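Here is the structure we will look at, set down as structure tokens.
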Amino acid sequence: TKPRIYVTRVLPDQAMKILDQYFEYDVFRGNSAIPQDTLIKNVKDCVGLLCLLTDPINETVISHPNFSKIKMVANYAVGYENVNVAKLSELKIPVTNTPGCLTEATADIAMSLILATHQRFLQHDQALRSNQNGTILNFQKDTQDLNLDPLCNKTLGIVGLGRIGQALAIRARGFGMKILAYTRTPRPKISQRIGVEELTKMDDLLQYSDFVSLNCPCTEQTKHLIGMEQLKMMKESAILINTARGKIVVEDDLIYALKKRIIKAAGLDVFYNEPKINPELSKLQNTVLLPHIGSATTRARAGMGILAAQSLVDYLVHKKWPKNFVNKDIFIK
Ligand code: GLV
Ligand code: GLV
């Protein structure tokens, strides 16, 4: 008989085909994130769980008797801060994520936010649409509406030089930007190859950058990495780009800084209390806000689904260690 698993969302077809072939499974078909009690009810008798970053796999879930047969958790995301990995490691349960699949898509969104905030696309678009004459406005006379410099005279500071940070650097280099990076793991060879200057202090990056892009995972070390102190170190003309995780930034501090023009603008694809948006943020004119679409390409989502499904097959069917498990230390001592 096939191993039984539970899936908290209908995945792209290519992934569902893999599941059909190897597993008995149920899938949650609701439109929003699965309620926790529904998840708990449905994991009963399952050996695998395929979940989303909107599903907290916390103590309540893990310690529930219905969870006791689970042998593996595959998270359909590259970030996995929704999963209590420490707890699962204690239970010798591997956890996998989906690295690589969404690198290019997310870097595109980060670059798009740099362009959209720098060029003030939204304001210009709104002005054009609301102009009753049905003509495009003449050359802007108001100097406030002009960009002082093209991007090739700007410096981008990347916090976190993993796959996505590197892919963003390559894009920004194409625009002639100067690139600084602050990263936990120094990568001198890569930095040299892609033309990035690594700094040893984040404060320096904040101080020298015209754009600061967050591309690190959300961990205990990076939660609230950017608060008022850091925002004040940034230039008044600086723009913050976040395509990583909302909780890396103290959002109330960011809102204050945007209101008081401590920094100039922000381009955000992620928010503190996702899927809820702080209404103060949406009232601001100096923000560009996207509904977490960093991985929203067909290719990225299919890749993520296939990788998550295949990881479950590797471990639960073929008894092989999945390539992409995040708690390797439970096997390799
Ligand atoms: C998306 O945010 C992901 O972590 O995959
Ligand atoms: C994306 O794939 C990353 O881990 O940077």
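The values are calculated or read from the model by the stated rules, or taken from the named source; none is laboratory data. No experiment lies behind these values; they were computed from the predicted model shown. Methodologically, a virtual Cβ is constructed for each residue, glycine included, from the backbone with ideal geometry; neighbour enumeration extends over all protein chains shown.
Do we find that Leu39 is more than 16 Å from ligand 1 (Cβ to nearest atom), of a type in the set (A, V, I, L, M, F, W, C) and in contact with an Asp or Glu (Cβ under 7 Å, 6 or more places away or on another chain) in this structure? Walk me through it before giving the result.
On the way: more than 16 Å from ligand 1 (Cβ to nearest atom): yes; of a type in the set (A, V, I, L, M, F, W, C): yes; in contact with an Asp or Glu (Cβ under 7 Å, 6 or more places away or on another chain): yes.
Yes, satisfied.
Any residue that is assigned to a loop (DSSP other than H, G, I, E, B), at pLDDT 85 or above and not hydroxyl-bearing (Ser, Thr, Tyr) - is there at least one of those in the stretch 135-142?
Within the stretch 135-142, the subset assigned to a loop (DSSP other than H, G, I, E, B) is 135-142.
Those left that are additionally at pLDDT 85 or above: none.
No, the stretch 135-142 contains no residue that is assigned to a loop (DSSP other than H, G, I, E, B), at pLDDT 85 or above and not hydroxyl-bearing (Ser, Thr, Tyr).
Out of the residues in the stretch 265-285 that are surrounded by fewer than 20 Cβ atoms within 10 Å (Cβ to Cβ) and touching a residue at least 60 places away in the same chain (Cβ under 8 Å), state the one that is farthest from ligand 2 (Cβ to nearest atom).
By that ranking, first place goes to Gln285.
Sort through Pro56, Pro65 and tell me the only one that's surrounded by fewer than 17 Cβ atoms within 10 Å (Cβ to Cβ) and under 24 Å from Thr103 (Cα atoms). Walk me through how you get there before you give the answer.
On the way: Pro65 fails: under 24 Å from Thr103 (Cα atoms).
Result of the check over Pro56, Pro65: Pro56.
Can you find a residue that is closer than 26 Å to Lys328 by Cβ, touching a residue at least 12 places away in the same chain (Cβ under 8 Å) and not in a helix (DSSP H, G or I) anywhere in the stretch 30-41?
Checking the stretch 30-41: not a single residue is closer than 26 Å to Lys328 by Cβ, touching a residue at least 12 places away in the same chain (Cβ under 8 Å) and not in a helix (DSSP H, G or I).
Taking the options Val27, Val7, Val43, name whichever one is surrounded by fewer than 18 Cβ atoms within 10 Å (Cβ to Cβ) and touching a strand residue (DSSP E or B) at 6+ places or on another chain (Cβ under 7 Å).
Details: Val7 fails: surrounded by fewer than 18 Cβ atoms within 10 Å (Cβ to Cβ); Val43 fails: surrounded by fewer than 18 Cβ atoms within 10 Å (Cβ to Cβ).
Exactly one residue qualifies, and that residue is Val27.
This table checks each residue for (1) in contact with a Ser or Thr (Cβ under 6 Å, 6 or more places away or on another chain); (2) of a type in the set (Asp, Glu); (3) modelled with pLDDT of 95 or more.
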residue: Gln207; (1), (2), (3): no, no, yes
residue: Ile226; (1), (2), (3): no, no, yes
residue: Leu231; (1), (2), (3): no, no, yes
residue: Glu236; (1), (2), (3): no, yes, yes
residue: Ile239; (1), (2), (3): yes, no, yes
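Can you tell me which of (1) surrounded by fewer than 21 Cβ atoms within 10 Å (Cβ to Cβ); (2) touching a residue at least 12 places away in the same chain (Cβ under 8 Å); (3) under 22 Å from Lys247 (Cβ atoms) is the one Asn97 doesn't meet?
Evaluating Asn97 over (1) surrounded by fewer than 21 Cβ atoms within 10 Å (Cβ to Cβ); (2) touching a residue at least 12 places away in the same chain (Cβ under 8 Å); (3) under 22 Å from Lys247 (Cβ atoms) leaves (1) as the failure.
Name the residues in the stretch 271-311 that are basic (Lys, Arg) and touching a Ser or Thr at 6+ places or on another chain (Cβ under 7 Å), would you?
At the first step, the residues of the stretch 271-311 found to be basic (Lys, Arg) are 276, 283, 299, 301.
Answer for the stretch 271-311, where residues must be basic (Lys, Arg) and touching a Ser or Thr at 6+ places or on another chain (Cβ under 7 Å): just Arg301.
Could you say whether any residue in the stretch 284-291 is away from ligand 1 (no atom under 15 Å from the Cβ), out of contact with any strand residue (DSSP E or B) (no Cβ under 6 Å at 6 or more places or on another chain) and at pLDDT below 95?
To start, the set of residues in the stretch 284-291 that are away from ligand 1 (no atom under 15 Å from the Cβ) comprises 284-289.
Add one more test, that the residue is out of contact with any strand residue (DSSP E or B) (no Cβ under 6 Å at 6 or more places or on another chain), and what stays is 284-285.
From what's left, at pLDDT below 95: 285.
Yes, because at least one residue in the stretch 284-291 is away from ligand 1 (no atom under 15 Å from the Cβ), out of contact with any strand residue (DSSP E or B) (no Cβ under 6 Å at 6 or more places or on another chain) and at pLDDT below 95.
Determine which single condition Val83 fails, assuming it passes every other condition in (1) out of contact with any strand residue (DSSP E or B) (no Cβ under 6 Å at 6 or more places or on another chain); (2) β-branched (Val, Ile, Thr); (3) over 25 Å from Thr298 (Cβ atoms).
For Val83, the exception is condition (1).
Which residue pairs have Cβ atoms under 9 Å apart, sit 6 or more places apart or on different chains, and have a first residue in the stretch 209-237 that is touching a residue at least 60 places away in the same chain (Cβ under 8 Å) and a second that is among the aromatic types (Phe, Trp, Tyr)?
Hits for this filter: Pro217/Tyr80.
What number of residues in the stretch 33-58 are touching a Ser or Thr at 6+ places or on another chain (Cβ under 6 Å) and closer than 16 Å to Ala308 by Cβ?
4
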